[in-house]
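The values are calculated or read from the model by the stated rules, or taken from the named source; none is laboratory data. Since the model is a prediction, treat every value here as computed from it, not as a measurement. Positions of Cβ are generated from backbone atoms using ideal geometry, with glycine treated the same way; all protein chains shown enter the neighbour counts. Side chains are part of the model used for accessible areas, which takes the heavy atoms of the whole protein and leaves out ligands, DNA and RNA. Shrake-Rupley method; radii C 1.70, N 1.55, O 1.52, S 1.80 Å.
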Amino acid sequence: MMATRQLLGAARSRAVGSASLGLRRTMATVSDSALDKKVKQNNWEEGNFINYKKMSENLAIVRSRLNRPLAYAEKILYSHLDDPHGQEIERGVSYLRLRPDRVACQDATAQMAILQFMSAGMPSVANPTTVHCDHLIEAQQGGEKDLARAVGINKEVYDFLASACGMFSLGFWKPGSGIIHQILLENYAFPGGLLIGTDSHTPNAGGLGMAAIGVGGADAVDVMANLPWELKAPKVIGVKLTGSLSGWTSPKDIILKVAGILTVKGGTGAIVEYFGPGVDSLSATGMGTICNMGAEIGATTSLFPFNDRMYDYLKATKRTEIGDFARSYAKELRQDDGAEYDQLIEINLSELEPHINGPFTPDLATPISKFAEAAKANNWPDEVKVGLIGSCTNSSYEDMSRAASIARDALNHGIKSKALFTVTPGSEQIRATIARDGQLQTFEEFGGVVLANACGPCIGQWDRQDVKKGEANSIISSYNRNFTGRNDGNPATHSFVTSPDLVVAMSIAGSLSFNPLTDTLKDKDGKDFKLSPPTGNGLPERGYDPGQDTYQAPPKDRANVTVQVSPTSDRLQLLSPFNAWDGKDATDMPILIKAQGKTTTDHISMAGPWLKYRGHLDNISNNMLIGAINAANGEANKIKNFTTGEWDAVPAVARDYKAKGIRWVVIGDWNYGEGSSREHAALEPRHLGGLAIITRSFARIHETNLKKQGMLPLTFSDPADYDRINPDDKVDILCTELAVGKPITLRVKPANGEAFEIPLSHTFNEAQIEWFKNGSALNTMAKKAKN
């Protein structure tokens, strides 16, 4: 079988080589008839087909214009252009108008997205859309009890989502079905497709060769309403993989290494594209892991070229017809020979060590051989209090099988996990399959608690009881994100991310100093032994067990479906339009807060207990910027109200300014708004009276979200100007200067001293300037609908 695959790979390589020499000829003859097939996008929906023929035609038009080899990322984007003939195309410069194949929303962000879609007045979504209930289930006692509790607490929200999905023809995945990204990989992702999802880890679908991009809810609404979706043409970072993984090294270590190279800012404005002979040693779910965590380097998305491992996964998930169809289009489901990358990284998988990243940031990468030394040097708490495996990043059958093999090795030596240990299955299908095949029982014998098929502690939905808030401690997980307080709300928790394999090994030892590659453990008799390297199948030999049916299809007759939102609800609130710009410059505005250092969307709009208010803008605005550090005093959620001279919470001061008719601005540091793609971090400042966020730099999704809500995301043309502004200064913004490609003036008025001017940059295009003038993108959409 291996020899066959190598021959297939060689043949494909030659085909791509010849195609790059005679593109139009091959485009005309290769596959017109083969691409005429009607192949459904998935097994759940009728009438939604994969349109490789249209993609091929668009690509041929773009090829004739650009006349150069294309990266795979470019092929997917350009084959989805709204206007392939007229679209300007320049990496890092042009704004692409795209037509995605589908939209996916998780339950926390779906509430606001659907509320916004309802405001557009359309009878049903124009493009296939699904909603996934995974974010509102808090980890407390274990899967069944936690799920039952969540269904009771969140009944109002789930009923709203279920009824709205029925009313507007969206697919609805009920609580307990699993995490959105795992469900997408198992059911909806297909090679060459373009999907947008209202969660920053949407790129997980890159494991099946799909360009899957995390967006804010307002972007999702655009596509649901059949408007083109705008994306600044990304640059492309190539990662060439050679060699093959073995022993304790796993696919997770590839992205941990890449995060260490690129940092949390290094992927901003770029798609990370993996290629090279090392790719074929990875499973499709392993590729998904790598693409998933690419969100932590700020990448627009990450993806792999279509190969036999993806075909195997499609076949295992009952989508062989899609796999066969992809093979007929395979030469366009990979990079052209000679494709050029804006940056190139090479990693030899045969030499790659297992890595552990953290604490407090996902890009502090340390190889296992140096980790004990780093832990000691930095005085990180050595005892591992909790080990957590699963999540959307690492909950595949392969992940669970490898992790269970290590746990079984320990059990065979008469020992269990020293640390508390939790398991989060990524989907009902994974839970049912590992329950059938024994891995779940192994984890329970090992001392593990099996949590619900949901996000849980990865997003802060964790009622942690083993340490007090403020107590320094270490936890280690196979998650993707580990910002301060992210998992348990405790800023003193040192959170490390690694592979499930190392999580299990460190949990057995109960120590950050343990290296399973070199160190020994004591068995039940006190004898030394070394853990064996993990083993496990990439796919279940007996196929997947789907488990319980958790999908609700839209009803064929929607006449009797109604969407109810109680006017007295504290969870859901219908939206009112934001005011349009008054056409004037904004003067004498206070700086609400000058945020210092890392300001993620978790700092701007915390998750955890606030998730329950995601559908109620006014209530959730009470968490606005409460995690941001005030440069004036080094404290969080304590700012000065210039009208009273009193110090108060950030939302309280913003509300007071709004009540007094005073608009305000925020000053931010580097990569402001990195992290989750939550649009509430943009809605809340707008709702509470903000006009502009002025920073050294923005994370991509957050910058777009602010524009969508009619705010001004502006950056210092000279980042050093951040230091020239004091928190008690007043500022003017010359809004009347706003024009494409031109700076806008910030006039700073110090409390003591002469006023001075600072140039600010922005990335607004003409259409986005209209959003600002009209008060929001949604206002602009409604305005056009009336005309």
Q: Hey, could you get me the Stokes-Einstein D for the range 186-314, Kirkwood radius over alpha-carbon pairs, 20 °C and 1.002 mPa s, rounded to whole µm² s⁻¹?
A: 145
Q. How would TRP647, TRP173 rank on accessible area, largest to smallest, probe 1.4 Å?
A. TRP647, TRP173
Q: Tell me the Kirkwood hydrodynamic radius of the chain in angstroms, computed as one over the mean inverse distance between distinct C-alpha pairs.
A: 26.7
(Q) Give me the 1.4 Å probe accessible area per residue for the chain, excluding ligands and nucleic acids, in Å². (A) 36
Q: Express as a percent, rounded to the nearest 5, the fraction of DSSP beta bridges in the range 50-198 (both residues included) that run antiparallel.
A: 10
Q: Could you work out the Kirkwood radius for the range 705-749, taking every pair of different alpha carbons, averaging 1/r and inverting it, reported in Å?
A: 12.0
Q: Calculate the spin-label point distance for SER163 paired with ASP557, positioning each point 7 Å from the Cα along the beta-carbon direction, and give it in nanometres.
A: 2.0
Q. Given only helices, namely DSSP H runs of n ≥ 4 each adding -39500 (n - 2.57), what is the per-residue ellipticity at 222 nm of the chain, to the nearest 500 deg cm²/dmol?
A. -9000 deg cm²/dmol
Q. Restricting to lysine pairs 8 or more places apart or on different chains, what number in the range 721-787 have Cα atoms under 27 Å apart?
A. 10
Q. Taking only the alpha-carbon positions of the range 613-736 and ignoring solvent, what does the Debye formula give for the base-10 log of I(q)/I(0) at q = 0.10, 0.11, 0.12, 0.23 Å⁻¹?
A. -0.29, -0.35, -0.42, -1.75
Q: Place a +1 charge on the Cβ of each Lys and Arg in the chain and a -1 charge on the Cβ of each Asp and Glu, then give the dipole magnitude about the Cα centre in debye, rounded to the nearest 20.
A: 1060
Q) For all pairs of alpha-carbon atoms in the range 125-191, what percent lies in each bin of width 10 Å, listed from the first bin to the last filled one? A) 20, 46, 28, 6, 0
Q: Can you give me the P(r) profile for the range 450-604? Cα pairs, bins 10 angstrom wide beginning at 0, each as a whole percent.
A: 7, 18, 22, 24, 16, 9, 4, 1
Q) When the accessible area of the chain is split by element with a 1.4 Å probe, what percent falls to carbon and sulfur? A) 48
Q) How would TRP581, TRP771 line up by accessible area, probe 1.4 Å, largest first? A) TRP581, TRP771
**Q.** 5 angstrom amide H check on ALA636, placed H, neighbours 5+ away
**A.** ASN630
**Q.** the chain, relative contact order in percent, only Cα pairs under 8 angstrom and at least six apart counted
**A.** 13
Q.
Suppose R0 equals 35 Å. What FRET efficiency, 1/(1 + (r/R0)^6) with r the Cβ-Cβ distance, do GLU46 and GLU351 give to the nearest 0.05?
A. 0.10
Q: Order the following by accessible area, largest value first: TYR479, TYR311. Probe radius 1.4 Å; ligands, DNA and RNA are ignored.
A: TYR311, TYR479
Q) Given a 1.4 Å probe and the protein chains all in place, what does the accessible area of LYS315 round to, in Å² to the nearest 10? A) 120
Q | Exposure of SER328 as accessible area (Å², to 10), given a probe of 1.4 Å and all protein chains | A | 40
Q) Could the peptides 487-498, 725-736 be put in order, highest first, of the mean number of other beta-carbon atoms found within 10 Å of their residues? A) 487-498, 725-736
Q. Which lysines have a Cα less than 23 Å from the Cα of LYS556, not counting those fewer than 8 places away in the same chain?
A. LYS38, LYS40, LYS174
